[in-house]
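Following: one structure in structure tokens, then a few remarks.
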Amino acid sequence: MSNSVDKIIIVGAGIVGTVQALLLARAGLNVTLVDAGVATGSTGLNTDLNARTVALSYRSRELLDAQQLWPADTGCPINKVHATERGRFGAVRLSATDFDLPALGYVVQNSVLESYLIESVKNTSNVELIQSASAELLSNGSDSVTVKIKNESGTDTREAALLIAADGTHSTLRASLGIEARTFDYEQHAIVANLRCQRDHQNVAFERFTETGPLALLPLAHKQMAMVYTANSADNIELNNQTDKEFLSMVQRRFGGRLGRFEAIGKRVSFPLSLVQSATQTSGCAVLIGNSARTVHPVAGQGLNLALRDVVELAAQVAGIKSNPGSVPEILAEFTRKRMSDQQAVVRQTDLLARFYRQHSWPLATPLSLFRTTSMLLLDAVPVLRKGFGAMNAGLNIPLSNFVPNQTSRHDRY
């Protein structure tokens, strides 16, 4: 154990894994970051319709800013949110000015944020980045783990005080650790693409609940919107076979004319939607993080924002590992205890919205529809309800001081 007390292995170099690596390195720990992907270098801002994006809450921006991990001039701000249900009365309208904020959130190009984080990793002396590699768990004891790392350069066996699995929804390490995952299939697919609109979006994000699930349009530059369209899985193949013109016409009918005519669409990508939850987040000297721990429905865009809060808390808990060797299981138990409430709340919120705002068969259809309409009207009409809903989605109900010592925010009161 003496040779591994300050060594951490992280598997998965997406946004979650790289942020985790950088925070632990800044705490003075030696980190090995393993990823199956290949380095592509910095791509910079992509202005075409094929750029993939991610939505980050205002609180996530604060967390990354506090750790100097937010690239300058990054992201299109979301100043307002407009949520409606197709064919029903009522709407929920939120504005950043309601909370005295510069924005409720930001839509960021994946390539920009990921490239910035990878470059930061490469410039950090105590992080070793191994790409185009696989990682196999060999042992997981009470005071260390052993992992076999394999890439084109050969095979190496590493011992570490802690293994962090950030290898996604279908985590191979989760299975190797013997951690079961419970899955609920929503019988839906998300179709993501970018649209070019006739009108300027004015930094408004739209959430339109339809009979097949939510349709989200998030603001980008140049009259572009990032679309997440939820479809019944039974219709997914037919929708993917539609021409761009046919698909745009269908989306236009479901959304309406608030943004004028949809003029063009980029490449469409679809993936199935499920709620995946690990039975436990830790085992011995290993912990699951991000989608390997839980994958939630994309409604309200909470998954990555929750993972970033987990990452910051885990870094804070692990920071003292060098002065307290052999304490990893206890550290992970404390991490789990502190994060459980937030994690459970996000799972409940996203699962409820995903199930609530979708087509139901008789006799549930009519009463549920009336209840949804009433809920929309109440949320918009009652300021305290509207502010509470907005604060939850902006992450303001989670105090910044919970994650960053000696940091407070005037928005923590929500």
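Please label the shape of the range 206-349 as rounded, prolate or oblate, based on the square roots a ≥ b ≥ c of the eigenvalues of the alpha-carbon gyration tensor (a/c under 1.5 means rounded; beyond that, a/b larger than b/c means prolate, else oblate).
Verdict is prolate for the range 206-349.
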In whole Hz, with x marking every Gly and Pro, tabulate ³J(HN,Hα) for the range 264-275 from phi via Karplus 6.51 cos²θ - 1.76 cosθ + 1.60, θ = phi - 60°.
-> 7, 9, x, 5, 9, 10, 10, 8, x, 10, 9, 9
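DSSP loop (so not H, G, I, E, B), at most 12 other Cβ within 10 Å: list which trypsin sites (Lys or Arg not before Pro) in the range 173-233 pass both filters.
For trypsin sites (Lys or Arg not before Pro) across the range 173-233 that sit outside H, G, I, E and B with at most 12 neighbouring Cβ atoms in 10 Å, the list reads Arg199.
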FRET efficiency, 1/(1 + (r/R0)^6) with R0 25 Å, evaluated for Arg199 and Asp73 via beta carbons = 0.55
List the GluC sites (Glu not before Pro) within the range 176-220 that fall in a DSSP loop (any state other than H, G, I, E or B) and whose Cβ has at most 16 other Cβ atoms within 10 Å.
-> Glu180, Glu211
Given the protein chains as shown and a 1.4 Å probe, how many square angstrom of Leu308 are accessible, to the nearest 10?
-> 10
Charge-dipole axis of the range 161-295 as Lys and Arg at +1 and Asp and Glu at -1 on Cβ define it, positive-most pick from His170, Gly260, Val192 | Gly260
Pseudo-spin-label distance Thr280 to Arg182, built 7 Å along Cα→Cβ, given in nm, is 1.5
List the trypsin sites (Lys or Arg not before Pro) within the range 247-356 that fall in a DSSP loop (any state other than H, G, I, E or B) and whose Cβ has at most 14 other Cβ atoms within 10 Å.
-> Arg258, Arg261, Lys267
Placing each pseudo-label 7 Å from Cα in the direction of the beta carbon, Asn324 and His222 end up separated by a distance in nanometres of 5.1
For the range 234-247, just list the computed ³J(HN,Hα) in residue order, Karplus coefficients 6.51, -1.76 and 1.60, θ = phi - 60°, integers in Hz, with x standing in for Gly and Pro.
-> 5, 9, 4, 5, 4, 5, 5, 8, 5, 5, 4, 5, 5, 5
Glu85 long-range amide H proximity, modeled H, under 5 Å | Phe209
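Over all directions, average the projected area of the Cα convex hull of the range 149-193 and note it in nm². Don't skip to the end; give the middle numbers.
Values: hull surface 24.1 nm².
It is 6.0 nm².
Please give the per residue accessible area of the range 171-305, computed with a probe of 1.4 Å over protein heavy atoms only, in Å².
Roughly 40 Å² per residue, with all protein chains present.
The values are calculated or read from the model by the stated rules, or taken from the named source; none is laboratory data. Just so we're clear, the structure is a prediction, and the values are computed from it rather than from any experiment. Counting neighbours? That spans all protein chains shown, and the Cβs are built from the backbone with ideal geometry, glycine included. The protein model used for the area step is the full one, side chains on, heavy atoms only, and it has no ligands, DNA or RNA in it. Shrake-Rupley method; radii C 1.70, N 1.55, O 1.52, S 1.80 Å.
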